Amino acid sequence: MAPTRSLIAFALALVPACAGSSTTDVVVDDPVGDTQDEGFARGAALADHASDELSGDDLTIVIGKTASIMAALNDGELAQATFAVQVVAAGDVFEFANNLIIDHEDANAELDAVVRFYGIPYLPSSAADALAAELNSGVASLRSTPPEDVDFRFIELQVINHAEAQVLLDELSLQVGPGAMADHIANTSAMIDLHFQESSALLDTFY
């Protein structure tokens, strides 16, 4: 049987352009990668903010402000996930949101123990305030999302949030230096990396 016109066109589309051809390269969409990049960009901006705020402070202040930034991260994730478990439809999205709640509650408990170890209170931080504002904005976004789109929006936010957190935590680790807080940041980073991978894989299922 002779190939159909559509099959011929498809085959021709797969043939590389000859050298010197004016044919432009085919652009392949990467919506998950684009979402990740948005998070990395936010993380770079917030890491710069934290660096400007913490650099030059003595260790006591750095630890106290870093604790507040870490708490803002956990609390913001908890707020988004707690809302999500009430409204998402897909089982895998619900399970992911529920795991976020468990993991960030555990991270907050561990953070409290680290703060007690140092004997330093949580200190006000403009970087913590900026992060909290971003994450609270995410909750508002979820509340205004139509029910049929809320699963997608929640997972999209998690990819952005966790990409942002990866960059921010790298900067915080540099700021605090070796010690109990650095160990806690490393543990949190491992959790964040896992959530980033899981949310990215879930986001890919929507495309």
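Determine, yes or no, whether S141 is in contact with a Lys or Arg (Cβ under 7 Å, 6 or more places away or on another chain) and part of a helix (DSSP H, G or I). Criteria met by S141. Within region 106-131, can you find the residues that are under 30 Å from T205 (Cβ atoms) and in contact (Cβ under 8 Å) with a residue 24 or more places away in the chain? Of everything in region 106-131, those that are under 30 Å from T205 (Cβ atoms) and in contact (Cβ under 8 Å) with a residue 24 or more places away in the chain turn out to be A107, N108, L131.
Scan region 144-168 residue by residue and report those that are part of a helix (DSSP H, G or I) and without any contact (Cβ under 8 Å) to a residue 24 or more places away in the chain. Passing the criteria: E148, D149, R153. Identify all residues within region 86-104 that are under 17 Å from S141 (Cβ atoms), of a type outside the set (G, A, S) and either free of Cβ contacts under 8 Å to residues at least 12 places away in the same chain or buried (at least 17 other Cβ atoms within 10 Å of the Cβ) (or both); write none if there are none. Correct list: Q86, V88, V93, L100.
Kindly establish whether L123 is aliphatic (A, V, I, L, M) and either on the phi > 0 side of the Ramachandran plot or surrounded by 23 or more Cβ atoms within 10 Å (Cβ to Cβ) (or both). No: the conditions fail for L123. The requirement of being within 20 Å of L59 (Cβ to Cβ) and either in contact with a strand residue (DSSP E or B) (Cβ under 9 Å, 6 or more places away or on another chain) or among the charged types (D, E, K, R) (or both) is fulfilled nowhere in region 119-138; no residue meets it.
Going by the conditions given, is D129 more than 16 Å from the chain's Cα centre (by Cα), among the charged types (D, E, K, R) and surrounded by fewer than 17 Cβ atoms within 10 Å (Cβ to Cβ)? Criteria met by D129. Filtered by the rule that a residue be crowded, with 19+ Cβ neighbours inside 10 Å and under 21 Å from V85 (Cα atoms), region 151-190 gives D151, F154, I155, E156, L157, Q158, V159, I160, N161, H162. Taking the listed residues E77, E134, E110, the one that is surrounded by 14 or more Cβ atoms within 10 Å (Cβ to Cβ), out of contact with any Leu (no Cβ under 9 Å at 6 or more places or on another chain), in a helix (DSSP H, G or I) and not basic (K, R) is E110, with no other qualifying.
What do you reckon, is F117 aromatic (F, W, Y), within 19 Å of R143 (Cβ to Cβ) and part of a helix (DSSP H, G or I)? Criteria not met by F117. Taken across region 187-199, residues that are in contact (Cβ under 8 Å) with a residue 60 or more places away in the chain and over 14 Å from the mean Cα position of the chain (by Cα) do occur, with at least one present. The residues in region 39-74 that are within 14 Å of the chain's Cα centre (by Cα) and in contact (Cβ under 8 Å) with a residue 24 or more places away in the chain can be counted, and the count is 11.
Just so you know, all these numbers are worked out from the coordinates, no wet-lab data involved. Just so it is clear, the model here is predicted, and its values are computed rather than measured. Glycine also receives a Cβ, built like all others from the backbone with ideal geometry; neighbour counts cover every protein chain displayed.
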